[in-house]
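First comes the structure, then the notes that go with it.
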Amino acid sequence: MENLTLTSQDQKLAHLKEQLINYREKVLGYPISSDFNFSELYPFLEFSINNIGDPFEDCNYKVQTTNLEREVISFFAELFNADPNDYWGYITNGGSENNLCGLHIARKLYPNAIVYYADAAHYSVPKSIDILNMKSCVIATTFSGEMDYADLEDKLFANKDNPAVFSLNFGTTMTEAKDNVAQAKKIIEKCGVKETYIHIDGALSGSFGAFIEPRIPFDFSDGIDSICLSAHKFLGSPMPAGVFITKKSIRDKILRPMEVIDSYDSTVTGSRNGHTPLFLWYNMKKMGVEGLKQRYFDCLEVTNYCVAQLNKIGVECWVNTGGITVFFRETSVALKKKWQLATVEGITHILCMPNVTKQHIDAFIADLVLDKQLEFVN
Ligand SMILES: Cc1ncc(COP(=O)(O)O)c(C=O)c1O
């Protein structure tokens, strides 16, 4: 182990802070919100808060924030049109745990089910399927990243006697494409599949899905069984976090008593971060539904600005319905590195997150113009 003197420790910390500040200013390609101030909560870092156990059940360990966790869950349950008497959920470590949780519950209900998911789904979906050793079927997508419903119908019909789990996207990683639950349900009905479970991965767009116009069917009123979002994405959190919501009646089927904590086990991990519910609760209380809606509208304004500026310099770009992700053909490696742009199969994107301003877009566009001139010269 390195023997650090106090000054070199201080230097390392100062250097780290400077690095984080610099890089934070140049994130256009990843869905992170960094426009928060949680300084009022710093005193709570003195506690080892562990929300072990089911947040809706009593537990012997009391250094917990499960009361606030339940408030966050009910806030989103209402936004997702859940039955007020039949919802349940918990705060996870992020989007990957959310998907694992949804598919784990689905497998408990239907051990032999086939999981249908689009090829644009996040890698945590096939990874969870692998961990859970489930059967699966990949569905093609259109250019927008949305599921190809004709392909879904063909593949579902071929296995119509098998229980089916659908892991649908509400905002894919690259293009923020949203699968339409009503379309999927029509196909399920047409194929005559009787036993189904619909999970929605709303990592980014789940947070503002309720405000999208025209509405895209995605919530409990449309017949889903579980839905999730990544809280460090649109909402903003200093550490990764996720929100997972299903029905209480579904949770009751998978609940296991856990004697050591005098409670119940229903979550993917045992010990759970008790600070994230506190941070999310604080955020929710400050924002409220109206604040969240305005946050989304502000992002839409920057999105429209970004599209206009790209078009002005002759760059063809696309935005899916209600999206804050502008996608276009990939840029140079230098720009990709400078602005931390994710690139997949020749496509890159800018995420107009709440901390991304028109000034950020202007700075990026100036770089892009310069880049194109250099490309032309070379
Ligand atoms: C659509 C989608 N689902 C799931 C995830 C996984 O989220 P996390 O990185 O929080 O595990 C992501 C991450 O970007 C995502 O884009």
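The values are calculated or read from the model by the stated rules, or taken from the named source; none is laboratory data. Note that the structure is a prediction, hence the values are computed from the model and not measured. Positions of Cβ are generated from backbone atoms using ideal geometry, with glycine treated the same way; all protein chains shown enter the neighbour counts. Quick note on the areas: whole protein, heavy atoms, side chains included, nothing else; ligands and nucleic acids left out. Shrake-Rupley method; radii C 1.70, N 1.55, O 1.52, S 1.80 Å.
Points to keep in mind about this one:
- Being among the hydrophobic types (A, V, I, L, M, F, W, C), within 16 Å of the ligand (Cβ to nearest atom), assigned to a helix (DSSP H, G or I) and open to solvent by less than 60 Å² (accessible area, probe 1.4 Å) is a property that holds for Phe279.
- Some residue of the range 306-322 being of a type in the set (Val, Ile, Thr), under 19 Å from the mean Cα position of the chain (by Cα) and open to solvent by 20 Å² or more (accessible area, probe 1.4 Å): yes
- The range 74-114, subset more than 26 Å from Pro240 (Cα to Cα) and touching a strand residue (DSSP E or B) at 6+ places or on another chain (Cβ under 9 Å), residue surrounded by the most Cβ atoms within 10 Å (Cβ to Cβ): Ala113
- Neighbours by Cβ (under 7 Å, 6+ apart or cross-chain): first from the range 102-129, outside the structural domain of Ile347 (by TED's automatic domain parsing) and away from the ligand (no atom under 11 Å from the Cβ); second open to solvent by 30 Å² or more (accessible area, probe 1.4 Å) and among the acidic types (Asp, Glu): Tyr110/Glu195
- Yes/no for Val125 being among the aliphatic types (A, V, I, L, M), under 18 Å from the mean Cα position of the chain (by Cα) and under 18 Å from Phe170 (Cβ atoms): yes
- Residue count for the range 164-190, restricted to those that are touching a residue at least 12 places away in the same chain (Cβ under 8 Å) and surrounded by fewer than 19 Cβ atoms within 10 Å (Cβ to Cβ): 6
- Count - residues of the range 12-65 that are in contact with a Pro (Cβ under 6 Å, 6 or more places away or on another chain), hydroxyl-bearing (Ser, Thr, Tyr) and either outside the structural domain of Ser207 (by TED's automatic domain parsing) or within 30 Å of Lys338 (Cα to Cα) (or both): 1
- Taking the listed residues Val289, Val268, the one that is of a type in the set (Val, Ile, Thr), out of contact with any strand residue (DSSP E or B) (no Cβ under 6 Å at 6 or more places or on another chain) and either part of a helix (DSSP H, G or I) or not assigned by TED's automatic domain parsing to the domain that holds Phe76 (or both) is Val289, with no other qualifying.
- Residues within the range 325-346 that are among the hydrophobic types (A, V, I, L, M, F, W, C) and out of contact with any Gly (no Cβ under 9 Å at 6 or more places or on another chain), tallied: 6
- Residue match in the range 132-146 (condition: touching a residue at least 12 places away in the same chain (Cβ under 8 Å), open to solvent by 60 Å² or more (accessible area, probe 1.4 Å) and within 13 Å of the ligand (Cβ to nearest atom)): no
- Test: residue in the range 303-323 that is assigned to a helix (DSSP H, G or I), within 25 Å of Phe76 (Cα to Cα) and at pLDDT 95 or above: yes
- One residue from Ala150, Ala106, Ala140 being within 23 Å of Val319 (Cβ to Cβ) and at pLDDT 95 or above: Ala140
- The residues in the range 200-242 that are in contact with a Leu (Cβ under 9 Å, 6 or more places away or on another chain), farther than 22 Å from Lys293 by Cα and within 11 Å of the ligand (Cβ to nearest atom) can be counted, and the count is 0.
- Within the range 25-73, being open to solvent by 70 Å² or more (accessible area, probe 1.4 Å) and either of a type in the set (Ser, Thr, Tyr) or on the phi > 0 side of the Ramachandran plot (or both) holds for Tyr30, Tyr42, Ser48, Tyr61.
- Test: residue in the range 244-261 that is within 16 Å of the ligand (Cβ to nearest atom), part of a strand (DSSP E or B) and either modelled with pLDDT under 95 or under 30 Å from Gly322 (Cα atoms) (or both): yes
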